[in-house]
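Please read the structure below before turning to the comments.
The values are calculated or read from the model by the stated rules, or taken from the named source; none is laboratory data. Note that this is a predicted model, so its numbers are computed, not measured. Cβ placement follows ideal geometry from the backbone for every residue including glycine, while neighbour counts extend to all protein chains displayed. The area values use the complete protein model at the heavy-atom level, side chains included, leaving out ligands, DNA and RNA. Shrake-Rupley method; radii C 1.70, N 1.55, O 1.52, S 1.80 Å.
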Amino acid sequence: QSVPRITATKLQCATEVFDTDAYYDNVTNYRFTPLVAGKYQINWGATGALTTLGDMMESYLYKNGALDTTSSRFYGAASGYDGYVSGSQLVDMNGSTDYVEVFVLHTHTTSNIDFKGYFSGFRTGP
């Protein structure tokens, strides 16, 4: 996935490995919409080909289209030629309309950087 410079871009995880209830849309919206109310553990990470030491990456968790105010930005930095950022957040979901998405950005001078990422979510309790 190509991510423009200093532009929060939705992380598009298109390959599913395990999704027993089809809560994650890996084709159109790239969002997790569980249909059972409860607390969900959301985990994600992304790596990008940053070439300058000190370039920064950020990731954000969005709930229902807005920055999740219970979380904060998650930062990563380039170490050599690759950057990595990850995050983890416990989120209350209503089981019908609530959804979460992950956004990433970078500060590299190159306009577009190729990113690879992962996303997971699971219910931890009521």
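Within region 100-118, the residues that satisfy the criterion of being open to solvent by 70 Å² or more (accessible area, probe 1.4 Å), at pLDDT below 90 and part of a strand (DSSP E or B) are N112, D114, K116.
Considering (1) at pLDDT below 85; (2) part of a loop (DSSP other than H, G, I, E, B); (3) open to solvent by 10 Å² or more (accessible area, probe 1.4 Å); (4) at negative phi, the lone condition that T97 does not fulfil carries the number (1). When residues in region 1-42 are screened for being under 13 Å from the mean Cα position of the chain (by Cα), over 17 Å from S59 (Cα atoms) and in a strand (DSSP E or B), 1 of them pass.
Put simply, of G83, G121, G65 the only residue that is modelled with pLDDT of 70 or more and exposed (fewer than 14 other Cβ atoms within 10 Å of the Cβ) is G65. When region 23-34 is filtered for residues that are surrounded by 13 or more Cβ atoms within 10 Å (Cβ to Cβ) and in contact (Cβ under 8 Å) with a residue 12 or more places away in the chain, the ones remaining, listed by number, are Y23, Y24, N26, N29, Y30, R31, F32, T33, P34.
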